[in-house]
Every structure is written in C-alpha cells, then in structure tokens.
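Report on one structure; see the data block that follows.
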Amino acid sequence: MSNKKKSGLDIDLGNLCSKDAFNWAKKTFSNRENKVGAAALKVDGVFSNMLTFGGQRIGIASDGIGTKIELAERTGIYDTLGYDLVAMVADDLATAGFEPTNISNIIDVNRLDRDTINALMKGLSEACDFCGMSISGGEIAELGNRIGGFGDGMHFNWCSTAIGVLPSELNAPFDGTAVKSGDIVVALKGHGFRSNGFSLIRRIMESSFGDNWHNELYNNTQTWGEILLTPSLIFTPVINKIIKNGVQLSGIAHITGGGIIDNFQRVLKTNRLGADLNNLFEPLEVMQRLMDLGSVSAEDAYLYWNMGNGMLIVADESQIDPLLKTANSLNYDARVAGIITTDPSIKLKTSTAELEGVY
C-alpha cells in the first residue's frame, strides 16, 4: 500500500481533483468579468479567492470539519467544533490578508436533536466572537440515512463559507509574488490536529485500543477522545493585528491537510523558490505518541498532520522583530523557523525528521 494511502486518503488524488474543480470554476470567471463580483485571483492552489464589488475587495473561502465530528459523537462534547469550523475558513482568508467578517454554515443531519444543534451553534458563536465575525446565514438540512456516524445520537456534517475584506493597509492580497530569496519564515504554534488527519488517527486508535478507544486515558485528567478533540487555535486575530500594525508580509501558509511541504509550496511556487526550515516547532506530544502507537514514519506524519506548526509566515528580515512582538502580545507562540532559498525545494529538519519536498 502506498504511504500516501495509509490514512485511507490519497493526497495526490485529492490535489488532482481540486485542480480539476478549480479549472471548471475558472471557466465561469468570465461570466462576471468587468462586472460587480468579478473573481480577481486566478491562480490554482491559493487558500482563498478575491471578488471585487465596486471599490471593495472581498475574500471568500469554503471548508468543513470532516471526520473530527466523530470525536464529538464519541465524547458527547459538541460545543468546541465551532472553533474548528471557523479556523478552517477564517484562517484561509487570513493567509491572503483578508479580515474575516461573516460566516454562513450548513449542518446536514440524519435527524434533529435540539440540544446538539444548540451546542454546535454555541461553539460557533464563541469562535466568531474570538475573531470578530458575524454568523450571517445558515441552513439545517434533514437527510435521513444519507448521513451516518458513531453511536445513537444525531449524526451530521458541518461546512461553511466565510467572507472577509482586504484592509486598507494592503494594496493586494498575498499571492506569493512578493516572496523572495532571503526572506525569513516564522512559524505559529498550534494546539492540536485542527480538522485534518483524523482518518489516520482513527485507524491508529482503533488498532491500539479497540472500538471504544476514545475512553482510554491519555493522562490523569483526559481521555484520548478528549485530547484529540482539542479545538483548533484560530490564527486570524494575530494575522489581522500584524497587518494593522504595519508589518510588511510577503506570504502566509495555513498548514492543514497535506502538511507543511504541500501547503507551503503554494506560497513559493509562483516565484519557483524553496525554503530551509530548520527551526520549526517540535511535534506536539500527542502527535509523537500517535506516531509511536501506529509506527507512523516521519514522512507520513508530516504529510497528514501539521506537527504543531499551524501557520508559516514569510517576511523580510527587517519585519521579523515587530512580527514576533505582535504575536507574543496576543499570547501566540511564534518563532523564526527558517529562510527562503532559490532552490525550488522545501527542506524540513527537526529532532524527529529530516525531509525534502521538490515540486
């Protein structure tokens, strides 16, 4: 079996399908050309797109939280998933420099349970408060046995679309064109697995502990189910603050499915640049324990998980001190992680891995 299919997912196939979908979408851009709502970013692989409405530049991003939902079904904890949903779309907008403003969400359910819906929306409301967004639309659709899940409770899928505005401090969204050799890479530390890599996680846990693996103790106070449900840290507030403070950035990558190399190359490919990342945050303890439990190679772990590095920010060396000061002032862990190079490859080195990705 291919290493890229151990999780039950094929990253390469997923990228190809996304590229096909983008090409079909791009064919429709001419429908609004020179009109209100014209799509402005036409580069495959960016984290969000920009629309123009008169003089206002608006970003749009869509995503969902995938099979992390099963952790909520297993633990009965539903009021943290809103942070994961917001993180997926708001942080994608932030990578282009947009300030997220509004979110609309769709909950597809097999049957309705009012308490569960209330807990989901409570978490979404709190996550939106955290980053200054409004919930401006939504839909709850009852789909019967088209929706499955774990246990006897309400089963559901949860997806959203968010929009944001380009702040006056930026002339254009970040699209990789400003990145240059010698720029410095700063990593922002995450709290956990965000909404990615759970297919592999579930396989490891079931193989190690059986069907009820979520009840196994992780430490003296938390079960494995609870620790794996750790809500995503939303990076939008710190990115917005960095931009508002006048720090000049070159590019930003949101490290989600596909890991560091797959996501960071989106920022670098426009100018055919690479990176030497020799000071990343070390893998979170829970990630290292899962690697040990499942005999997961470093190559696979860094492909499916962010390994504790939730975002990578690129800026000129002169901008690094104010960038780090802003991050620290908002209690985000940030560190210089590496440098941009002329060689179109991403070299990654930590105490547990030494990898290279060429694109």
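In region 248-269, which residues are among the aliphatic types (A, V, I, L, M) and either under 18 Å from Val165 (Cα atoms) or free of Cβ contacts under 8 Å to residues at least 24 places away in the same chain (or both)?
Passing the criteria: Leu249, Ile252.
Before we move on, is Leu273 closer than 30 Å to Trp224 by Cα and either in contact (Cβ under 8 Å) with a residue 12 or more places away in the chain or crowded, with 21+ Cβ neighbours inside 10 Å (or both)?
Criteria not met by Leu273.
Which of the residues that make up region 197-214 are basic (Lys, Arg) and surrounded by fewer than 19 Cβ atoms within 10 Å (Cβ to Cβ)?
Answer for region 197-214, where residues must be basic (Lys, Arg) and surrounded by fewer than 19 Cβ atoms within 10 Å (Cβ to Cβ): just Arg203.
With the structure loaded, tell me whether Glu206 is more than 25 Å from Phe98 (Cα to Cα) and among the acidic types (Asp, Glu) or whether it fails that test.
Criteria met by Glu206.
Would you point out the residue of region 222-249, among those that are part of a helix (DSSP H, G or I) and of a type in the set (Val, Ile, Thr), that is surrounded by the fewest Cβ atoms within 10 Å (Cβ to Cβ)?
Ile227
Could you please find all residues in region 321-359 being of a type in the set (Ser, Thr, Tyr), surrounded by 13 or more Cβ atoms within 10 Å (Cβ to Cβ) and within 21 Å of Ile239 (Cβ to Cβ)?
Selection gives Thr326, Tyr332.
Failed condition for Asp321, given (1) farther than 30 Å from Glu206 by Cβ; (2) in contact with a strand residue (DSSP E or B) (Cβ under 7 Å, 6 or more places away or on another chain), with all others met?
Checking Asp321 against (1) farther than 30 Å from Glu206 by Cβ; (2) in contact with a strand residue (DSSP E or B) (Cβ under 7 Å, 6 or more places away or on another chain), the one that fails is (2).
Got at least one residue in region 74-96 being touching a strand residue (DSSP E or B) at 6+ places or on another chain (Cβ under 8 Å), aliphatic (A, V, I, L, M) and outside any helix (DSSP H, G or I)?
yes
How many residues does region 173-217 contain that are assigned to a loop (DSSP other than H, G, I, E, B) and under 25 Å from Ala90 (Cβ atoms)?
Of the residues in region 173-217, 16 are assigned to a loop (DSSP other than H, G, I, E, B) and under 25 Å from Ala90 (Cβ atoms).
We did not get these values from a lab; they are worked out from the coordinates using the rules stated. Given the structure is predicted, the values throughout are model-derived calculations rather than measurements. For neighbour counting, all protein chains shown are included, and Cβ atoms are generated from backbone atoms with ideal geometry for every residue, glycine included.
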